[in-house]
Structures are given as C-alpha cells and as structure tokens.
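The structure appears below as structure tokens.
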Amino acid sequence: MSGEGTGRIPPWMWALAAVATVGGVALLASRDRRPEPPQSFRYEMGDLERVDPASVIFSETAPIEPEILALHAVAATPDGRIYAAGEGAVAVCDLDGALLGRYAVMGTPTCMAVAPDGEILLGMTDRIAVIEAGGAPKADWTGLGDQAHVTAIVADAEHVYVADAGNRVVLCLDRQGNPMARIGEEDAAKDIPGLIVPSPYFDVALDDGGALWAVNPGRHGLESYRPNGELITAWYRPSMEIDGFCGCCNPCHVAFRPDGTLVTAEKGIARVKLYSVERKLLGVVAGPEAFRGGPTEAFSGDLHVPFGDLAVDARGRVLVIDVNRNAIRVFEEKEPA
Amino acid sequence: MLKSKAKKPEFVADRAARRIAVGVAAVSGLFSLVVCVLLIANYVQVRAADPLDNPELLRLRERLSASPEADEALVEEIRALDLLSRKAFFTSQAHLRMGGRLLLIGAAVFLIAFRLAARWNPRLPARQAGTDAPAQRRAIARTRELVSGIAVILVLAALTAAYMTPTGIPAPGEAAPPDTPGPDAVAESVMPYPSWEDMLAQWPSFRGPGGFGVAPCATAPTAWDGDTGAGIRWKAEVPLPGFNSPVAWDDRVYVSGATDTIREVFCFDADTGELRWRQALPAFPGTPGTPPDVTEDTGYAAPTMAVHGPWAFALFGTGDLACFDVDGALVWGRNIGVPDNHYGHSSSLIALDGELFVQFDDKKQPRLLALDVATGNEVWVAQRSRISWASPALMPTESGFQLILASELDVDAYRPDTGALLWTEEGLDGEVAPSPTFSGSTVFVANEYAMATAIRLDTVDGAVQSEIAWQWEDSLPEVASPTSSADYFYIATSMGEIVCLDVASGEPEWAQEFEQGFYSSPIRVGDRIYAADLKGTTHIFTTGAAFESIAEPRLGEPVYATPGYFANRIYLRTEQHLMCIEGNGE
Amino acid sequence: MTSDPNRFPRRDFIRAAAALGVGGAVWKAAAPAGGATVWQIDPEKCVQCGQCATHCVLNPSAVKCVHSYEICGYCDLCGGYLQPGAKDRDTGAENELCPVSAIKRTYIEDPFFQYTIDEDLCVGCGKCVKGCALFGNGSLYLQVKQDLCVHCNECAIARACPADAFRRIPAEQGYLLKTRRQGGPAQE
Amino acid sequence: MTGRTRILAGLAVLILLAARGWAEFRFPMPEFESGYEQPELHTPLPGRTNDLVDAAVLAAALAIAAWLVLRRRSRPGVFTLTAFSLIYFGFWREGCVCPVGSLQNVAEAVLDPGVAVPAAIMWFFLLPLLFALFFGRVFCAAVCPLGAIQEVVAVRPVPVPRAADQVLRLIPYAYLGVTVLGVATGSGYLICRYDPFVGFFRQGASFNLVLAGGLLLVAGMFIGRPYCRYLCPYGVLLGWMSRFAKWPPRITPGECIQCALCTDACPYGAINEPTPDTPPEPRRQGVRRLAILLLLTPVIVAVGGATGLASHAVLARLHPTIRLAERIAAEDAGDFAEMTIESETFRASRTTTAELYEEARRVRADFKGKSAWLGAFLGLVIACRLIALAVVRKREDYEADRVACVACARCFPYCPVENKDAQVESQET
C-alpha cells in the first residue's frame, strides 16, 4: 500500500489495467440483460383452454363478410335471411352470404333483433332504432335513461325484450316501444334472485317455444321469464370445467336452435358450446383455437372478447361475429359419422 | 481552513494515527467484501430459483385442480408452502436492500480510512526528471503511431463486422409468410380507387375530370331543339331544386337537390333517364335543427356532386356531406358544419385517388379537407388564407397533380396526397366565383371587377415555381368559369361577352357579344367551345384564332348549371329538368 | 491573481461565439421550454407482459397495480383475484392469483366484494391485470406511482416495454387513469 | 396503394378500439344497498416536481467551485464540495437528471423541433458549459456526481502512460457520436442506459451495470477518474469549451519555478511539461509532417465516413425496431424455438410482419446517412488528434492542459510558490 510499492509496477501495466477496465465495462454493458419476469408473474390459462377434439361437433364453413366496419351484431330469421349490423349500416344476406340489401343507419348498433314481420330493431347503447322491413327508418326509441346500456334485443309478434345491462333489467316493451314490464329485478317475494351484470355482456334469447330466457352472468346461467316478469325456471352452471361457465360474467351470448338446443358463447376462455334441451353439454361448437391467431388477440386495453354477437340461422348453423376478423364466422354441425 | 493550509497537513506523517486508519480500512474493506459476496450470492440464488416459483407449490396446485373435490389436507399444505415461499421472496428482497445499504456504509468507512491512512503516510512530492528533447519526441511519435494504428484497426474491425452482419430483414416480397386474414385483407376487398385514366372516361365532377372546363371526349352533339324535342334523348324531372351541375359515371347520372327541410340525391339511368334511386339524407350528428340562411344565388344544394367509381358524394348547404354507393346505400355521412361566410357551401366537390376534397371556406378558419372516400375520415386538412365561391380544380403536371384553388386574393396550389402548399400567387380580388382553368403549364383565373391572371408554372429540380405571366382587366366573368384550348383562354361574362385571350401573351384575339349573359361555364369539347347562356341557347364555336360560330341550338329553358359532356351526349340541368342530348352520329 | 493578461483577443471572440452558439442552440431547443414531465403507462396499450416488475431500476418496481373502483364489477368470481380454475371463491392461498398476495378481498354485500391493492406488497407484475382484462371489466391496471418513481431521464421499463405503452406526461397531470367516461363521443 | 390500405386498416382498428373502449368505460358500477362508498384512488404526485431548485443548487455549486478553485485555491474546499455534490446530486437527487444525460435531451430537441426540453434540463446542460467557457472544467472538479464518486474513491491514483492515455481519450468522442446517432434515429438514450454509477445512487440497477460500476470504482482507486477521462461524452463538450476558458485554473499562483513537483500531483495526466530548449527534431521535418497530415485529413474523414456507412447495419441494431425485425425474421427462419416477450407481443398485435420489415428498412435507411456522418466525425477527431500531435507548441512552464484538466486542485498544495504565498497570507491573518 505504500507509494514505493505502486511506483515499481511498470507503466504499461497501468495502461493495460485502464484498457481492461474500459473494455470490461463495455463488455458488461453490452451484455446487460434484465431478467425476464419469472413464471410466477405470468398469467397462464394452461390446460383450461384445451378442448378435446373429439368433443368438437361442429365444423366451420366459409365466413360471411358483409362490407361493414365494426361489425357487431347478427340476427337470423326462420325464412332464411341473415342480418348483420356495424358502423352506419345493416346488411341483409341470404344463407349463402349473398347480399340482398343494405341500409344506412346512424351510429353503430351493438345488438339487433328482427321481428317476425321483418322490422329491424337496433340497439345503440341508450336508444333503439327501428327500421322498416324495406330499410326506411321508422322510429327511434330514446328515453331508456342515462344509465341504459342495451346489450341485446329480441322481439316476437307482440313484445320487444331489451336487455339493459346498465340498469340490470330486461325491459318488456310493446311493438311501439311503450314499456310493459320490467323483468329480472330482485324480488324476494316472487323468488326472483336478481340479475348480476358486472360488465356490458348481458344477453336475452327466445327459445323454440317463444319463451324468454335472460342470461344471469353473475350466476353463470340462464333464467326464463314470462312476459309479465314472472320467473319460470333458472339454470346455473358455474364451473371452470368445459361443461360450465367460468370467469366473472358468462355466458356472454346465447341463442337457441330450432330444435330447442342452446348455444352459448363465453369470454375469457373463448369458446362456443351446445347444450341439449335438458341442458346437458352436447359438445363444443368452437374452441379457443378457432378464435386465436386473429390480428388482435392480445391487443392491449381490449377486453379479450372476440365475440360481437351470436345467432342461429334457419338451417341451425351457428353464426358468430368475430370482431377481430370483422366477419360472421359460420359453424355447421358435423354429420354424425 | 487557512490554518490547515498553512500547515500543509498533506505532507505531515503520523504513524500512530495511520496504523489505526489502516486497521479500520482493513476491517471495513473486508466487511464490504463479505457483504458484496453475500449480495451476489443472493442474486445468483434468486435468479436460479425464484422463491415464488416453487416447483413443489406448482405441483401441489396441479394436484388440487386435478382432484374433483377440495382436499383439506392438500389445501393446508399449499397454504403453508405458499406462505413460506412468499416469506422467502420478501426476505430475499429485504436482504437485498439491507445489503446494499450495508455495502454503501462499509465502502464509505473504507474509503475514509484509506484516505486518512494515505494522508498520514504522505508521499512527498518528488521532483520528476524533466524529459529531454529526444525522449519527448519519441513519446509523441509513439503516441502518433498508436493513434493511427488504433484507427486502422478500428476501420478494419468495423468493416469486418459490417461484412459479417447479415441484413436479417427479408426484402419485400421475399419469404413473406402467409398472413392470417387481417384488417389488411378486409381493406383489400374494398373496391380499388379509380385511376386518373378511369376518370378521364367519365364526367366525375363539376366542369369535367379535374374540373377545369375541358371535356375528355372529342365530340358532342351540335343540333337539338327544346321546342320540338329533336335531339333530346330523354328529359326527366328533378324533384328538388339545386344549382349544382350533373355528374356522370358509366351508366348513371347524379344530381342533388334540397329545400330547407329535405336533402336528396338523385341517380338517373344515363340511357333512359329513369330515376334509378333517390335517397334522402338522414340528420347526422351536428346537422342544424333550423336550416342556415342561404343566399338566393346558392340555395341549399349549390355544390356539384363528385363521383369516384362506386362512390357518389353530395354536399348540402346544411353542411351534410354524404357518400352513397351505386345502389343508393349510404356508405358514410357526416355533418362537416356550415362555414361562416356570406354564401355558405357553394364550392363543388372533387375526388382523386381515394380522397375527396372539400373546400370549407370559413372566414375565420378557411380550410381544405381531404377525406377518405371509403370512410369519410379526414386524411389531411390544409389551412387556407382566404375564402371564395370557386371550386377546386385538379391539374395534372409532370411532377404530379396540383389541386388549384382560388381565394379572395390568391391562387393556391396544394399537393393532393399530403395537402402541402405548392405555390401561391396573388392574382385575384373581390368575391371570387369563377374557378381556375389551365392550358399547358399556364394556370388561368379571373374575376369580375378585378382582373384575370395567367400564372406560368415551371418545375425546377422537382420543385414547382410559379410566376405571374400576364394580367387582363377588361371583360371579366362574374359566375362562369373560363375554359381553355391549347392556345387560348375563353372568358364568358354575365354581360354576354365571350373573350378569347392568347395563352402566351394575354392579348385579346377576339371578343364577341351575345344577347344573354352566361352563368353556366363554357366547356371545350375537342376543338369546339360550348357555352350555354341564361336563356338556354348554347353557343357552339371553334377554338380557332377567329370567332367562327358552328351552331346555336336553343333549349327554351334557362340554364345556370354547367352541362356534362360525356360519351357523345350532353347532360343538361335546367331549373326543373335533367335532360340528355344525343347527337345523330354527326 | 488569476485574471488572464488579455493576450488573445481572438480567444475572446471564440469564447463569445461559443457561448452564443451553445446558448442559442439550447434556447432554440427549449423554446417553448416544456415543464417537468413524468412517466406513465397508457392502460390502453399495456399488454401485461410482466416486465414492469423486473425492469424498473427500483426493487420492488415503482409500477403498481391500481384499481379503478368505478369500473369494477365487484364480482364474487373475480378474474383478477382468483386463480384460473380455483376450486372455491374465497381468500384461501390456494385460490389466490397474486403471487405476493397484494390484493385484498373484502365482502360488501351479497353478491359484491371489494378488491384493494396493498401497494407495499405489489410488485407490478400485472398478472391480476391480465386476469381482469380476460374475464372482467379491465378495472385493474398498471400505473407508475409518482411517489415511488425516481423519474429517470429514460425509463428503464419504457425501454423494455414491448407495447410502447410508456410515455411522458406533464408532471401536474401526474397520472393516466382509467375512469368512467360519461357521455361525449368515443374518441377517435 | 399499400399506404392507403394501411391507413384504411388503421382507421378500422381505431374505430373498433373506440367502440370497445367505450363499452368498457361507460358501464355503470353496481348500485349498493348497504351504503357502500367506493374508496378514493391513491394517486400521490411526485414529492418534488420543481427541478428548477436543483438547477439553482447546480448554479450555486458551480459558482462556489469556481471560487474555490480560482480564488481560494483550496484543495480541501474543493474536496468538501465534491462530497456535498456526491450526497446531494448523487444520493439525495438520485443522479438524475445530470448534465451528462441532459445532453441527449438537448440533442433530441435540436434535431426534432417537436420536442421541448424542460427548463430545468436546459439549465443542467447549459450552466456547466458556460462555466467551462470562463473558468475551465470546475463542474467536473466538484459538482458532477459521477465525477464526485470517482474523485472520492481515487485514493492511490497512478498516472497512465501518455500514449495509452491519448488513445483512450478518443473513446468519449465515439461515445458522444454514437449517443447522438442514437438520439437522432430514435433509438433511445444510451448514456442513461449505460450510466455506471446511477445504480449506486438509486440503490438499484441491472446486475451487469452494478458490476460495471463496481469495476470502474475499484479501478478508479488506482486509475484516476476512468469514466470521466475515457468514457464521459459530456466531457468532450466541456473540453471544447474549456479550451477557450477565460480564466482557466493555473497550477501556480505566481511565477513557475520549474520545480516539476506538480507533475507528481496530477493523476489525470493533465499537466504539460515545458518544451525542451533544444528543438526535438529539425523544423523542416515537422512542417513536412504537418503538411502531409493536413492533406490527408479529407482522406481520413472520407475513410471514416465510408466505414460508418458500411457499418450502418451493425449500428442500426441500436434501434429496437431493427432488433425486433431481426428477431422475427430469425424466428420465422426457424433459428429460435422460443419467442421473446417482444416477439410474442408483436405477433399478437395488429401490425403485420411485412409492415414491420418495411418500418425496419426505413429505420435502416435512416441509419445509413447518419452512420456515415458519425464515421466522418470520428475520422475528423482522429485527424485532429494526429495534427495536434504533430504540432509542437512552445511551452515555457508547467501548465495545466486546458482540455484535460478537471480543476480538481490536487496540484495546488504541491506548488512551492503556493506554499510561500499561503504562508505569507497566514501571517497576515
């Protein structure tokens, strides 16, 4: 440590030391890597997303691609028409996807119903636009309230049922838009448990007999009501397994096939499934694989919900709006081998 | 401090103090070294096995999820292990922080002690032997050699590295993996935009393709009679009033009409005059509840529509701008607002290469909008200096298209793809209604009570240069826009005069007076000029150096709009009718 | 004593030129001089890759999960709180998603639960954020906590962020928060 | 056409996003019957946002440093201020923003008019340079936290041989050039990224950088200020300024008595010896060498530019887009079995591979010209250094090198003239 000691070391060694220092620093800096986040910090869906190929009883056919931006709603009528709505437009196609008509609308409908007489009802967050069968605007039902967030509409000859996720209620309206009943609000006296709708995914559907079914997403099932709001029956199936509904609010879309079987779509684990009339799982229409690989899968801020809407057409095919691909995906039941 | 300076303690030895300092330095150095080693060990350990990533825990969790019922014992085991691993995680984090602080303190103590030890055992300043001249020279020479040597090595190393580095990024078209159908594919399926050549075969906007008053076809009918109906192929009623001129694409002719309450677009069959569809515009967000005041000269449907392949655009006095497809479906629509000026929306639309240009001449903020034809979204917005009634014209030049607009004072040219201002020249004055025309590379504008100006353009090294060639101040147009041939510009005034000016010199070649004034703009078709006067008589004359009338067919109805000359037909809009005049194979 | 005998007026000239040049360039660069800025994560862009936990110069990271209560659905079955495939919906460690147990679940009323983030424990890994985005409303999201952040000139996480979600915002604004937007058109 | 397609696709994406973001945010929260009130969100603001206070402290410290070096000529004073700066700018303010890093902010703002530099950063950049223009590198002496930490650890510094020192001193120019290239091409702030000591100040950095910093400090015990001398890019600017300093620090307060004691004091190789009385070589030989070098300068610059141009693909790897594109290309070619977080995120995004490659090619093209400029700059630096080495400037006394001297005041106590003065001064008191 003494001065004389250091003095004896030849200068070239100091030069070498200086070069080594700078070189070492450069080397360390160039190889600088932060550790990747460990496994425990990463969200893994793992096995839950896996679907047994044998249980997939539908196969996909060519999608229908109406040239509409922000495609978000689909409906089908028993006479073989398919309606699709998105930004500023409604398109009518036949079962093969050939365009039959196209109507301009104001705004972007997020859900849609076609009444038996061909009238089109379009849900636009807090109002409903009614369009005549020929495409002429007929009425605009506002006044659903500031909180209103319409997520689904169905209509039969007399009634229009509107799923309002904002107020957690299904509104029963007449065909002129006048309120008739509020369905699904908690009422211990009538044994109505109340709808739990934590997110804007809340669907209603009419079954083959014309009865109204409303999804209760917080309870992972469906409830059936009479038009006056009386609860008929309920069916819940919360489970992470394939035969149930997982996440905080599923199923997000439902539809009935003409034979009374139930098609459900789930977010989180993106899958579409088919249940029998007795609500036994018959099989999978499409698993997460089918909705993966689109251009947007893990896209940020997004809620990871690939489905815009779900419908069953006159042939019993399942129509799913794939928002990532902006198309109607069509799934057809496989012929039993 | 002064005192210490005077004593120069730097060079005062103190053996006892030094010994203590050395001891402290040794202890603290050792301590720091130990902490350092421990820290590194902790780091390596955590990297090798993250306490939170306990494989045992993972295994247990898997077992739990595999078992149908929640097994109490298993759950307990997981909870215990989980607690343990979290504890381990936070402990190791705490160790890391604590270790860092200890190391800092240790190092500080070590440094202070080491410094003191050095101070109390000073090395006295030694007189260094001064280097002699040859030694200095040798040293400098060695340094020079070293610097140059290193530089050469560096260059070689860089070149080797550059040579060894594969480019790594496939060139376009090379090994492009088949992409999933994304928005790209969706967008691709949208129809392609028509090219300029496509547009030249149509009548897509006010005053023809490019909007400068020259018809793309070589001939047009010269004989018809409004009273007898001779030469008139069809005549259809236009249900709503509008000063806008007809536009046509393939087999469809479009006009718009509006009152203070309704705004409609009409599509007629070009062959039969049958009304193929009419579409009323809905109210868009922002559509004014009460109609804005408009002058009698403009009305609610003054701007001429534009057609761009499958899209037809219409703009109304309320600021409603809509795009329809060939079948009349609304593709998009929006209200762009009503400009604050004294004539409202009066400039016509024009489209090129997928962009629709809208002159939006608000007094405070005059601007030029370029909208995407398929969505109506803004592609760019250019600020304008002043307002006008005139319409944009597209001039094809060697260096690309120029979008030429007249304003109260200036003539401005913009790049249609970016909105960049290419040039501007002062050449106008007053309330300008006539739109520009051009001949060769000379742009021509004119306005009544002001002047007509010819601006010569020159492209130097890709940059456009403009210069005023000449001005003319005698007979000037009020409404009708001038037209041009290769050698002459033609002015049609509202006093009924037509003047022919030489492109190069600006000298009047001839002037001709007629009984009626002109609002409808003269159009050149091949080597003839067609000018329809206010009574509906069309004056057809040659483009030659002297006035030579060819015919003067009468219609019998006043004509304000500029007819469309397309496929050997003329589409003419009068106050209530749209008619098609077809030649007899002349 | 140290004042230079003014031997080189040329040097004075160079000095003045250098001062003017540097000063002028900097003034030009600074005009209009911006105010202080802070780093924030754009929640719309974040893809929850987990690098916020490991790439911050601080340990634990200055990025924490924040909870927008006005967006939260107060679900019983919370995707941000429970492991995917959890057997029960309770606070048992075997059901918890958070690796460091930083989310606290408290009962409010049937069927609603409140979820709170314990910032002292949170490491900013974003696991819960992904779970919430997948199954819930996206009410959990990552944000840079300004009291913890040391405001590096170039944020080490921003450099590593694969989604380019980090950006500077004015210091007075402080945060890019997710709030419930009532009325008004969607921003394009 | 492709450009427009991209715009269209982008618009579609925007609309989709807007529609969905909307659905997400407008949704109301449950109505609670139990009177539950949602807690306040904890959003503390930064403890101190007014960095102008730091700028004021910086200005004061610079003024004191200049006073201590030039008027008081007090090594203990300078050292005390060094310790203060280390604690305040280093450990208390956590070494950020420092003038060294501010150079990047200023470079970015100069190159991109859309970027505005906060006023505090501007002062951080400007003040040390202005002080250097008048008083030499007093900022390095006692204000810079990076210099301070090295000054504090430099307990047994030993001079580095002059030739090696001269070569190593070229590195900062390269570092400066590459940093500006990085800023100009949007590749990020290299100085901040590779700051070796800020990790100590903040008690947190990546392992490698802490190790590199530790290595520098340990080396710094024996090699004086290795970062300042052989790496610091801001030091280049300070050197340029202090070359023209009006009142540069002088070794002796009075007449140099040529005792050569001071050469022993400077560990930074910043003391120039007087030139020998006899010319080291015939005058003609020197003039000829100088002439050749002057003629060669354009050639050296051109070679540098060409080399820079040739290495643009290597340099382009500074840019994250290039790294990502190369990674994606390599993955697609089957070179890697696993994806990185970046490539995974990219593949899940809406950007297509073709678009990424297109962007990467654009970035690389951007690097082309700028790399050539960098190479030319380095060529010029080497040429200037060679010319400086060829010119023999007559020196009578031992003088502090205007560029290299960091005004640390170590040589003051070694000067016998100083001692005499000090004694006189102390007697007067």
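How many residues does segment B:395-414 hold that are within 19 Å of the chain's Cα centre (by Cα) and closer than 16 Å to B:VAL358 by Cβ?
Selection size over segment B:395-414: 5.
With respect to the numbered conditions (1) more than 23 Å from B:PRO339 (Cβ to Cβ); (2) surrounded by fewer than 23 Cβ atoms within 10 Å (Cβ to Cβ), which one is the sole condition not fulfilled by B:PRO285?
Only one criterion in (1) more than 23 Å from B:PRO339 (Cβ to Cβ); (2) surrounded by fewer than 23 Cβ atoms within 10 Å (Cβ to Cβ) is unmet by B:PRO285, namely (1).
In the set B:GLN512, B:GLN576, which member is in contact (Cβ under 8 Å) with a residue 60 or more places away in the chain and surrounded by fewer than 19 Cβ atoms within 10 Å (Cβ to Cβ)?
Exactly one residue qualifies, and that residue is B:GLN576.
Identify all residues within segment B:320-357 that are within 14 Å of chain A (Cβ to nearest Cβ) and of a type in the set (Phe, Trp, Tyr); write none if there are none.
B:PHE324, B:TRP332
Go over the candidates B:ALA126, B:ALA88, B:ALA117 one by one and state the one that is touching a helix residue (DSSP H, G or I) at 6+ places or on another chain (Cβ under 6 Å), facing another protein chain (nearest Cβ under 8 Å), surrounded by fewer than 19 Cβ atoms within 10 Å (Cβ to Cβ) and of a type in the set (A, V, I, L, M).
Just one listed residue meets the conditions, B:ALA126.
Somewhere in segment D:51-58, is a residue in a loop (DSSP other than H, G, I, E, B) and in contact (Cβ under 8 Å) with a residue 12 or more places away in the chain? Give the steps one after another, and end with the answer.
As a first pass, look at segment D:51-58 and keep what is in a loop (DSSP other than H, G, I, E, B): D:51.
This time we only want the ones that are in contact (Cβ under 8 Å) with a residue 12 or more places away in the chain, so: D:51.
Within segment D:51-58 (the criterion being in a loop (DSSP other than H, G, I, E, B) and in contact (Cβ under 8 Å) with a residue 12 or more places away in the chain), the answer is yes, since at least one residue qualifies.
Can you find even one residue in segment D:44-54 that is over 17 Å from the mean Cα position of the chain (by Cα), more than 9 Å from chain C (Cβ to nearest Cβ) and modelled with pLDDT of 85 or more?
Scanning segment D:44-54, I find at least one residue that is over 17 Å from the mean Cα position of the chain (by Cα), more than 9 Å from chain C (Cβ to nearest Cβ) and modelled with pLDDT of 85 or more, so the answer is yes.
Can you name the strands (runs of 3 or more DSSP E) wholly within segment B:187-281 that have at least 2 residues being small (Gly, Ala, Ser) and either at pLDDT 90 or above or farther than 23 Å from B:ILE523 by Cα (or both)?
It comes to B:252-258.
Report yes if some residue within segment B:524-533 is touching a Lys or Arg at 6+ places or on another chain (Cβ under 7 Å), of a type in the set (Ser, Thr, Tyr) and either at negative phi or in a strand (DSSP E or B) (or both); otherwise report no.
Checked against the condition, which is being touching a Lys or Arg at 6+ places or on another chain (Cβ under 7 Å), of a type in the set (Ser, Thr, Tyr) and either at negative phi or in a strand (DSSP E or B) (or both), segment B:524-533 yields no hits at all.
List the strands (runs of 3 or more DSSP E) that sit entirely inside segment B:357-431 and contain at least 2 residues that are more than 29 Å from B:GLU197 (Cα to Cα), at pLDDT below 90 and in contact with a His (Cβ under 6 Å, 6 or more places away or on another chain). It would help to see each step written out before you state the result.
Details: elements: B:367-372, B:378-383, B:393-397, B:400-406, B:410-414, B:421-426.
No strands (runs of 3 or more DSSP E) qualify here.
Are any residues in segment A:248-269 buried (at least 24 other Cβ atoms within 10 Å of the Cβ), facing chain C (nearest Cβ under 10 Å) and within 13 Å of the chain's Cα centre (by Cα), and if so, which ones?
Correct list: A:CYS249, A:ASN250, A:GLU266, A:LYS267, A:GLY268.
Scan segment C:137-151 and tell me whether some residue there is crowded, with 17+ Cβ neighbours inside 10 Å, closer than 30 Å to D:PRO118 by Cβ and at pLDDT below 90.
yes
Where residues in segment A:197-247 are of a type in the set (Ser, Thr, Tyr), surrounded by fewer than 23 Cβ atoms within 10 Å (Cβ to Cβ) and more than 30 Å from B:SER67 (Cβ to Cβ), which of them is farthest from the chain's Cα centre (by Cα)?
Result: A:THR233.
Any idea which of (1) outside any loop (DSSP other than H, G, I, E, B); (2) at the interface with another protein chain (Cβ under 9 Å from one of its Cβ atoms); (3) surrounded by fewer than 20 Cβ atoms within 10 Å (Cβ to Cβ); (4) without any contact (Cβ under 8 Å) to a residue 40 or more places away in the chain is the one D:ILE87 doesn't satisfy?
Condition not satisfied by D:ILE87: (2).
Considering D:ILE292, D:ILE257, D:ILE271, which residue is in contact with a strand residue (DSSP E or B) (Cβ under 7 Å, 6 or more places away or on another chain) and within 14 Å of chain B (Cβ to nearest Cβ)?
D:ILE271
Which residue out of B:THR295, B:THR304, B:THR287 is part of a loop (DSSP other than H, G, I, E, B) and either under 17 Å from B:THR562 (Cβ atoms) or of a type in the set (Lys, Arg) (or both)? First the steps, then the outcome.
On the way: B:THR295 fails: either under 17 Å from B:THR562 (Cβ atoms) or of a type in the set (Lys, Arg) (or both); B:THR287 fails: either under 17 Å from B:THR562 (Cβ atoms) or of a type in the set (Lys, Arg) (or both).
Being part of a loop (DSSP other than H, G, I, E, B) and either under 17 Å from B:THR562 (Cβ atoms) or of a type in the set (Lys, Arg) (or both) holds for just one of B:THR295, B:THR304, B:THR287, which is B:THR304.
Restrict the check to segment A:87-105 and report whether at least one residue is of a type in the set (Ser, Thr, Tyr), at pLDDT 90 or above and surrounded by 14 or more Cβ atoms within 10 Å (Cβ to Cβ).
no
So, A:GLY101, is that one within 29 Å of B:ASN335 (Cβ to Cβ) and either assigned to a loop (DSSP other than H, G, I, E, B) or not charged (D, E, K, R) (or both) or not?
yes
All but one of (1) at pLDDT below 90; (2) farther than 26 Å from B:GLY328 by Cβ; (3) in a strand (DSSP E or B) hold for A:ALA139; which doesn't?
Every condition holds for A:ALA139 apart from (2).
Which one is nearest to the other protein chains (Cβ to nearest Cβ), of the residues in segment C:114-161 that are of a type in the set (Asp, Glu) and in contact with a strand residue (DSSP E or B) (Cβ under 7 Å, 6 or more places away or on another chain)? Show your work before the answer.
Initial filter on segment C:114-161 (of a type in the set (Asp, Glu)): C:118-120, C:147, C:154.
Add one more test, that the residue is in contact with a strand residue (DSSP E or B) (Cβ under 7 Å, 6 or more places away or on another chain), and what stays is C:118-119.
Details: C:ASP118: 11, C:GLU119: 7 Å.
Only one residue fits best here, namely C:GLU119.
Is it the case that D:PHE131 is part of a helix (DSSP H, G or I) and either buried (at least 23 other Cβ atoms within 10 Å of the Cβ) or among the aliphatic types (A, V, I, L, M) (or both)? Even if it seems obvious, please write down each step before you answer.
On the way: part of a helix (DSSP H, G or I): yes; either buried (at least 23 other Cβ atoms within 10 Å of the Cβ) or among the aliphatic types (A, V, I, L, M) (or both): yes.
Yes; evaluated as a whole, the condition is true for this residue.
Would you confirm, using the coordinates I've provided, whether D:THR278 is among the β-branched types (Val, Ile, Thr) and surrounded by 21 or more Cβ atoms within 10 Å (Cβ to Cβ)?
no
Tally time: how many residues in segment B:432-466 are more than 24 Å from B:ILE523 (Cβ to Cβ) and in a strand (DSSP E or B)?
Result for segment B:432-466: 7.
Can you pull out the strands (runs of 3 or more DSSP E) entirely within segment C:71-188 that have at least 2 residues that are touching a helix residue (DSSP H, G or I) at 6+ places or on another chain (Cβ under 8 Å)?
Fully inside segment C:71-188 and qualifying: C:140-144, C:166-170.
Six or more apart or on different chains, Cβ under 8 Å: which pairs go from a residue in segment D:330-352 that's under 13 Å from C:VAL47 (Cβ atoms) to one that's of a type in the set (A, V, I, L, M, F, W, C) and surrounded by fewer than 16 Cβ atoms within 10 Å (Cβ to Cβ)? Could you list them?
D:ARG347/D:MET339
Sort through D:VAL106, D:VAL97, D:VAL158, D:VAL143 and tell me the only one that's at pLDDT below 85, in contact with a helix residue (DSSP H, G or I) (Cβ under 7 Å, 6 or more places away or on another chain) and buried (at least 20 other Cβ atoms within 10 Å of the Cβ).
That would be D:VAL97, the only listed residue that is at pLDDT below 85, in contact with a helix residue (DSSP H, G or I) (Cβ under 7 Å, 6 or more places away or on another chain) and buried (at least 20 other Cβ atoms within 10 Å of the Cβ).
Which residues, taken from segment D:237-269, are in a loop (DSSP other than H, G, I, E, B) and hydrophobic (A, V, I, L, M, F, W, C)?
D:PHE244, D:ALA245, D:TRP247, D:ILE251, D:CYS256, D:ILE257, D:CYS259, D:ALA260, D:LEU261, D:ALA265, D:CYS266
The values are calculated or read from the model by the stated rules, or taken from the named source; none is laboratory data. The structure displayed is predicted, hence computed values, not measured ones. Cβ atoms come from the backbone with ideal geometry, glycine included; neighbour counts cover every protein chain shown.
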